[in-house]
Amino acid sequence: MDKTSLIGLTLGIAAILSGQVLEGGHISSLVQPTAFLIVVGGTLGAVMLQSPLPVFRDGMRMAKWVFVPPPSNHADLIAQATNWSHIARKEGLLALEERIDALPDPFMRKGLQLLVDGVEPQHLRDVLEVEIDAWSAQRRLGAKIWEAAGGYAPTIGILGAVMGLIHVMENLSDPSRLGSGIAVAFVATVYGVAFANLIFLPISKKLLAHVASGVSQREMLVDGLVGIANGDNPRIIESRMQGYVSRSR
């Protein structure tokens, strides 16, 4: 669980609600189902319209990374690659073949398989970098779903405000119906801006940060595998991979 995301979301919502109370308002006045439906439904529809279905699905699935990030343990990966290097120097590359099926990550399995197959170091790097680029491009498209939502939500909120004002103008002769129309008008704008800046855009940035971390981790693994293929000293491989840890902090 990423406690920072949970604390940040809670703090942002609490600050807005506290400000409403301190100004003498009521929290209940911000609860407008109509405004919520207009903003959330309109934003969702706009995002679905602009995105292919596979990209939209990826973006929705990636949302869980905000609170439950994908596993990322550079230290374990460095230790594993260093161990592979020792085994390769003592017993040869073929000794690593029995370890391939036990690896949980498809990228790691493919990299180690190419290494065992005796692929030239430069070709090994080229193949795996294509894999990294494809993985990164797909995940970035998913993250940008939320960035797009952050762009549409305020505009949809303004649309909801205009609709509320139209409702007000249509009922000027009935003062009892003016209050609800005005409330929907202003609360729709609040929802649009709040959802964009407290939820959608931060989610996009957090997902892009996780994608960058995943790319760095994969590049580090590629560097380690190429080092093993070149017959580099395990200490050199470990030291070079440690540089990626410092860069990602």
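So, with a 1.4 angstrom probe, what is the percent of accessible area on the chain that is carbon and sulfur?
62 percent
Using 1/(1 + (r/R0)^6) with R0 = 35 angstrom and r between the beta carbons of Glu23 and Arg57, what's the FRET efficiency to the nearest 0.05?
So the FRET efficiency works out to roughly 0.25.
For the chain, what does the accessible surface come to per residue with a 1.4 Å probe? Please give it in Å².
56 Å²
What figure, in Å² to the nearest 10, do you get for the accessible area of Lys144 with a 1.4 Å probe and non-protein molecules left out?
110 Å²
Quick check for you: which residues of the range 68-94 have the amide N under 15 Å from the point 7 Å beyond the Cα of Ser213 toward its beta carbon?
Under cut-off, by backbone N: 68-77.
With θ set to phi - 60° and the Karplus curve 6.51 cos²θ - 1.76 cosθ + 1.60, what are the ³J(HN,Hα) couplings of the range 107-118 in order, to the nearest whole Hz, using x for Gly and Pro?
My calculation for the range 107-118 gives 5, 5, 4, 5, x, 5, 5, 4, 5, 5, 6, x Hz in order.
Output wanted: per-residue J couplings in Hz (rounded whole) for the range 54-64, from phi through Karplus 6.51 cos²θ - 1.76 cosθ + 1.60, θ = phi - 60°, x for Gly and Pro.
x, 5, 4, 4, 4, x, 5, 5, 5, 4, 5
Quick check: net charge around Val55, other residues with Cβ under 13 Å of its Cβ, Lys/Arg +1 and Asp/Glu -1?
Result for the local shell: +3.
Looking only at Ala14, Ala209, Ala88, which one moves most when the chain is put into a Gaussian network model with springs between Cα atoms under 10 Å?
Maximum among the listed residues: Ala14.
Could you work out the local net charge near Val226, counting Lys and Arg as +1, Asp and Glu as -1, over the other residues with Cβ closer than 11 Å to its Cβ?
Residues close to Val226 contribute a combined charge of -4.
Working with all protein chains in place, sort His86, His123 by solvent-accessible area computed with a 1.4 Å probe, largest first.
Of His86, His123, the descending order of accessible area is His123, His86.
What order do Lys64, Lys90 take when sorted by accessible area (1.4 Å probe), most exposed first?
Most to least solvent-accessible, the answer reads Lys90, Lys64.
What list of ³J(HN,Hα) couplings, whole Hz, do you get for the range 14-31 from phi and the Karplus terms 6.51, -1.76, 1.60, once you set θ to phi - 60° and write x for glycine and proline?
Calculated HN-Hα couplings, in order: 4, 5, 5, 5, 5, x, 4, 5, 5, 7, x, x, 10, 4, 4, 6, 8, 8 Hz.
Take the eigenvalues of the Cα gyration tensor for the chain, scale each by 5, and report the square roots as semi-axes in whole Å, largest first.
In descending order the semi-axes read 53, 18, 11 Å.
I'd like the accessible area for Val21, computed on protein heavy atoms only with a 1.4 Å probe and all protein chains in place. Round to 10 Å², please.
Result for Val21: roughly 80 Å² accessible.
Anyone know which of Leu112, Leu96, Leu172 comes out most mobile in the 10 Å Cα GNM of the chain?
Leu172
The values are calculated or read from the model by the stated rules, or taken from the named source; none is laboratory data. Because the structure is predicted, anything quoted here is derived from the model rather than measured. Reconstructed Cβ throughout: ideal geometry from the backbone, glycine too, with neighbour counts over all protein chains shown. Heads up: the accessible areas ignore ligands, DNA and RNA and are worked out on the full protein's heavy atoms, side chains in. Shrake-Rupley method; radii C 1.70, N 1.55, O 1.52, S 1.80 Å.
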